[in-house]
1. Anything in segment 406-425 that is over 15 Å from Glu376 (Cβ atoms) and of a type outside the set (Asp, Glu)? List them, or say none.
2. Counting just the residues of segment 424-457 that are charged (D, E, K, R) and part of a loop (DSSP other than H, G, I, E, B), which one comes out surrounded by the fewest Cβ atoms within 10 Å (Cβ to Cβ)?
3. Condition first: within 27 Å of Val411 (Cα to Cα) and modelled with pLDDT of 95 or more. Can you find one or more residues in segment 50-72 that meet it?
4. In segment 504-556, which residue that is in a strand (DSSP E or B) and among the aromatic types (Phe, Trp, Tyr) is nearest to Ala569 (Cα to Cα)?
5. What is the number of the single condition among (1) basic (Lys, Arg); (2) over 20 Å from Thr295 (Cα atoms); (3) part of a loop (DSSP other than H, G, I, E, B) that Arg387 does not meet?
6. For segment 345-355, which positions are assigned to a strand (DSSP E or B) and within 24 Å of Pro80 (Cα to Cα)?
7. So, of the residues in segment 419-440 that are closer than 19 Å to Cys278 by Cα and among the aromatic types (Phe, Trp, Tyr), which turns out to be modelled with the highest pLDDT?
8. Filter segment 576-603 down to the residues that are at positive phi and not in a strand (DSSP E or B), then identify the one that is surrounded by the most Cβ atoms within 10 Å (Cβ to Cβ).
Amino acid sequence: MGCAALLWGWLLLGCSWGSAPPGVSAAALLTATYVLDDASGPGRQFDGIGAVSGGGATSRLLVNYQEPYRSQILDYLFKPSFGASLHMLKVEIGGDGQSTDGTEPSHMHYENDENYFRGYEWWLMKEAKKRNPKIKLIGLPWTFPAWIGKGENWPYDYPDVTAYYIVSWILGAKQYHDLDIDYIGIWNERAFSSKYIKLLRYTLDKHGLQQVRIIASDRLWEPISFVLLLDSELHGVVDVIGAHYPGTKTVPNALLTKKKLWSSEDYSTFNDEVGAGCWARILNQNYVNGNMTSTIAWNLVASYYEELPFGRCGLMTAQEPWSGHYKVEAPIWITAHTTQFTQPGWSYLQVDGHLEGGGSFVALTDGLGNLTIIIETMTHNHSQCIRPPLPHFSVTPQRATFYLKGSFYMVETLQVWHSRLGFESGNSTLFQQLHPVKVWKGSFSLDLSVDEVYTLTTLKTGQKCGCPEPPPPQPFPSNYKDDFNIRNPPFSEAPNFADQTGVFEYFINASDPGDHVFTLRQVVVQRPITWASDADQTISVIGNFQWVNMTVTCDIYIEKRRDGGVFVAGRVDNGGIYVRRTKGVFFWVFADGTYRVTGDLAGEEILMKGLSGVRDNAWHTLTLNIQGTSASGLLNGYPLWENVTISKPSNGWAAIGTRSFEFAQFDNFHIEAS
């Protein structure tokens, strides 16, 4: 570009974003040129940007938000040209087992049991479709109900049973919710079975689901890529190779398959500015380095108790339905740089994509003359994802000149959207629209600083919502009651309870004409086919993790004879994939007429025990009182034990649960805490 043209470009760009970075003279900038030309044909087809709901009950608290806040959150996630504007939603096919931060209920707890209204993923998919009818829906199991394995912790011994189970979920989505599932996975981050994948395809086709595509294997590039090259039949039924946390790299065998390559789970990083930097870097570099045409974030929205594993690893945070507070985090606007200006079906241009001063760019077109360029200059320390380790690299301020050729030569103006992650200043600029850039004889120049994202596009549809601020944050109510007397519950779980092992569902106790017709019931009676290590006991937590002193009262009903038992608990300190090592204060009663007080969920640390007179098939009221270093327990309002010394944990949630995988009911739950 000549000096006059360069000067004209500076005047048009404006100093606010086109000038050299502070402290760097224009003459000292590294300079490089890049050519964008579609004359040689398009590159790989872009399949979209998405996120995972579930894979650990990660949207658990979202459904309990009141309007208008719940709709505002959903708009930020799914509404086109508004916020994240996601192209894909991937949901967990609930299997009753612990899958990171909780359990999600199966549509078939047992072989002769079908219910397509359990959980919240159906609702979430419908809300996503309501906002974006074109959004792609993906289903993937993490766990499976026990009956599928017929006693074994393995879903492939009876592949016809497993295929039927998965296909029934797809058919139920259509029959009961008018949802068309676009893609289906095999088993999250676990081994695959070629026989099962082939049988799954056969079963899908047999039920008229030819349009549903198969992703395999949601783990690593190998061995699935190697097996696809050897097995032509398997190659014919797998449509997408999905890898998790690929570190922006692929492998030769994956490329040789000629299949679509997706980072089908990525990110998993705290949603501060570093998390936003991670997300910005991999959104570009998954394609630039690895030819991946889709990147899917775990997780969609951090809507689970923050002290559970991977707290706040969502694109935004919504973990206070009791207050209505939520926070639109930086990753939402980093997502918007791509999603608001592209669509699945667009094509990448065949360019190298590496910036000479570090960072990357991608360019995409709809084939109709529209062009979108996304540039990122994330530095190493400000863009590390939680996994895998990130090799060192350097990024420096630089001047990039782009030459538009082919059908883009006639482009005269590009809209500009800009983000700068303010690690040094503490002030980030997120998704700000700048003055358009004029393209001078097919070229334009940008001065790029570090930790920036630019989108330059022919589209004029971008928007940053100026929604009203949500309510301020508030702690979980210190006086909380739930009698579960909801006659037509919109969801199967009671508000704010987060099941960690087992599944606790609303229940109509038709055989009880008294005060316990509507209850909460634990319904999983066999250990599921696990993904994480479920506890031997079932447990659902609730409340404020910072609670120290509390009184927990609950009516309980043991259904299982002889060895059945239930508990109420306080100061519960763990959950999610670490649920087996949960500590707290647990007040147990058993159907054999005994009680125990333990310092752990496993029941191994016995603090007190004795006789209670409790029996199965009768209602009793348990009260656990914890004050400072002392705890006491009441049965039916009368003291049963007292003055048990509690040394640790010092704080935690309240909880309810059962001795084993067994039927049990709970009613009139009440917490008073501080």
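The values are calculated or read from the model by the stated rules, or taken from the named source; none is laboratory data. In this text the structure is predicted, and so the values were computed from the model without any measurement. Using ideal geometry, Cβ is built from the backbone for each residue, glycine included, and neighbour counts are taken over all protein chains shown.
1. Initially, segment 406-425 is screened for residues over 15 Å from Glu376 (Cβ atoms), giving 406-415, 422, 424-425.
Gly406, Ser407, Phe408, Tyr409, Met410, Val411, Thr413, Leu414, Gln415, Gly422, Ser425, listed by residue number.
2. Quick first cut of segment 424-457, residues charged (D, E, K, R) only: 424, 438, 441, 447, 451-452.
Pick out the ones that are also part of a loop (DSSP other than H, G, I, E, B) and you get 424, 441, 451.
Numbers: Glu424: 9, Lys441: 11, Asp451: 24.
Ranking the candidates gives Glu424 first.
3. Here is the first cut: in segment 50-72, the ones within 27 Å of Val411 (Cα to Cα) are none.
No, because not a single residue in segment 50-72 is within 27 Å of Val411 (Cα to Cα) and modelled with pLDDT of 95 or more.
4. From segment 504-556, those in a strand (DSSP E or B) are 504-508, 518-522, 529, 538-542, 550-556; that's our starting set.
Now narrow it down to the ones that are among the aromatic types (Phe, Trp, Tyr): 504, 506-507, 518.
On the way: Phe504: 16, Tyr506: 20, Phe507: 22, Phe518: 22 Å.
The extreme case among them is Phe504.
5. All conditions are met except number (2).
6. Of segment 345-355, the ones assigned to a strand (DSSP E or B) are 347-348, 354.
Ser347, Tyr348, listed by residue number.
7. Phe431
8. So in segment 576-603, the residues at positive phi come out as 576, 584, 593, 603.
From what's left, not in a strand (DSSP E or B): 576, 593, 603.
Details: Gly576: 24, Gly593: 12, Gly603: 16.
By that ranking, first place goes to Gly576.
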